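Shown next, in structure tokens, is the structure this report addresses.
The values are calculated or read from the model by the stated rules, or taken from the named source; none is laboratory data. Just so it is clear, the model here is predicted, and its values are computed rather than measured. With ideal geometry, Cβ positions are generated from the backbone for all residues, glycine too; neighbour counts draw on all protein chains shown. Ligands, DNA and RNA are excluded from the accessible area calculation, which covers all protein heavy atoms including side chains. Shrake-Rupley method; radii C 1.70, N 1.55, O 1.52, S 1.80 Å.
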Amino acid sequence: MTAAPSVQPAAPLSPFAEPTRRVPGVWIAAFATAWLGIWMAQLVPIQLLLPLQVQAQLTGSYWVDSVVAFGVISAIAGVCALVAYPLAGALSDRTTSRFGRRRPWILFGALIFAVGLLLLGLQHSLIGVGVFWCVALIGFCVLSAALTATISDQVPVGQRGLVSAWISAPQAVGLIVGLLLVTSLALSQLIGYALMALIAVLLVLPFLFVVKDAVLPAEARVPFTMSSLFAGFWISPRKHPDFGWTLLGRILVNLGNALGTTLLLYFIMFGLHREKTRSMQRASARELAERRGAAVAAVREVAELEVDEFFVNGGGTGSIESTHADPSVTEIAAGSGLFGPHLFDGYVHFSPAPAAAFALGVVRRPAPDVATLLGGGWIASGPPGPDRLPQLAWPPGLRMLPREAAGEVQTPVTGAAARDLTIGDRVWMRHTKAGELAEHVNEFALIEGGAVVATVPSYRGEGKAFL
């Protein structure tokens, strides 16, 4: 039995010699396979896993909070990438390992990338998500910088366009395949990140085993200085116009790609049907005003009522802005809006100030980072979902357990703030709509200037049950 020969680099095997021999198909296949794994592991988190993970850490339902948090994390990770990319490239240029200049950094970057993704899947706080997404992205930068450099090391000028195309060609395929894997298998957050980490390592390894890498002699190593690092950033576009136009085109393509895809999931979740909904609301408001006006006029005519002998109630908090403009309406009802529950946090036309909250006591500490609250299952009407649950308001840094959420008997909460809670402490929550409070408490405490100035009974406190 004989071992399969490895593919030789495009000759000669020297770190600074200009390659002249075309790389074979096996080299290109291993190169493209590596990029398939890299793009899958980087884009699936950006397009799916990371936005959902960020949204899960926020207690509110206001979509802007998710976009801002994701944007801040992405911006910080982008700064890390700006540092990691050129630094990894400069260090790999000067690496004198017996395994070559690029292969150690490709392996190191792949492992950092994978470990970062694994640890990212374990995070349940925005700080943890931000830290380990930065770690994962640094690994991605180290890996991709070293892998990209193999083109100039081993691919002749006449073949570089073809080989470079195999950096971008697997991008769309990797994203689609990765999204299909995660969504069709209904993978959890941790398993989804773990699968992407495994795919990245497995698809990069063939390139390391198939392709050799020239060794840089220690005496040929150029000293590393910050001045040389920054000097390497500048290539005159006047002297090299082709490079200047290529670089500009690359920047514009990547900028357009980022602007169009980075927030795509949030657009689908929060904005895709927003304009259709607004159009429907405007049309409904016009039709309702016409019908209501006609109905009021007909009743007045039949009952022979004067203007001051009747009243017309209309509205509701969600339609105050349209109902108040209807001349046939004499008074407007705004029930839940007086409380300002968290359902209104996502409204665009107005934002009522939160004016009501309820507190639950801590009754058990089953784990150092878990506190169990008594009761809490005050669920709003409507389609069941996270937006119908009460919202944890204070102390900040708490979240419900996905498998328990808010329960009729108990509500376990976890997070950084849970470690400081003791038996008897209170956790404050905001309800979703209006009726939940009146269904569960006998009276409301009215507060002014930090003190309770009066109490008023709820309909439950009055011994009434309407539904």
Just checking, does the range 93-107 include any residue being polar (S, T, N, Q), over 28 Å from the mean Cα position of the chain (by Cα) and assigned to a helix (DSSP H, G or I)? no
Is it the case that Q159 is farther than 23 Å from L198 by Cβ, in contact with a strand residue (DSSP E or B) (Cβ under 8 Å, 6 or more places away or on another chain) and open to solvent by less than 30 Å² (accessible area, probe 1.4 Å)? no
Would you check which residues across the range 189-216 are farther than 16 Å from L120 by Cα, in a helix (DSSP H, G or I) and of a type outside the set (A, V, I, L, M) and list them? P206, F207, F209
Screening V131, V142, V115 for residues that are open to solvent by 10 Å² or more (accessible area, probe 1.4 Å), within 27 Å of V44 (Cβ to Cβ), without any contact (Cβ under 8 Å) to a residue 12 or more places away in the chain and part of a helix (DSSP H, G or I) leaves only V131
For the range 215-242, give me the residue count where each residue is more than 17 Å from T96 (Cα to Cα) and not basic (K, R). 15
Some residue of the range 403-425 being in contact with a Phe, Trp or Tyr (Cβ under 8 Å, 6 or more places away or on another chain) and outside any strand (DSSP E or B): yes
Identify all residues within the range 243-258 that are open to solvent by less than 70 Å² (accessible area, probe 1.4 Å) and more than 18 Å from A77 (Cβ to Cβ); write none if there are none. G244, G249, G256
Modelled with pLDDT of 85 or more and either among the aromatic types (F, W, Y) or outside any helix (DSSP H, G or I) (or both) - does that describe any residue in the range 171-188? no
Of all residues in the range 355-400 being among the β-branched types (V, I, T) and in contact with an Asp or Glu (Cβ under 9 Å, 6 or more places away or on another chain), the one that is least open to solvent (accessible area, probe 1.4 Å): V362
Residue pairs, Cβ under 8 Å, 6 or more apart or interchain, first in the range 400-414 and within 16 Å of R365 (Cβ to Cβ), second in a loop (DSSP other than H, G, I, E, B) and open to solvent by 90 Å² or more (accessible area, probe 1.4 Å). List them. Q410/E404; T411/E404; P412/E404; T414/H124
Looking at T411, T422, can you tell me which residue is among the polar types (S, T, N, Q), modelled with pLDDT of 85 or more and surrounded by fewer than 19 Cβ atoms within 10 Å (Cβ to Cβ)? T422
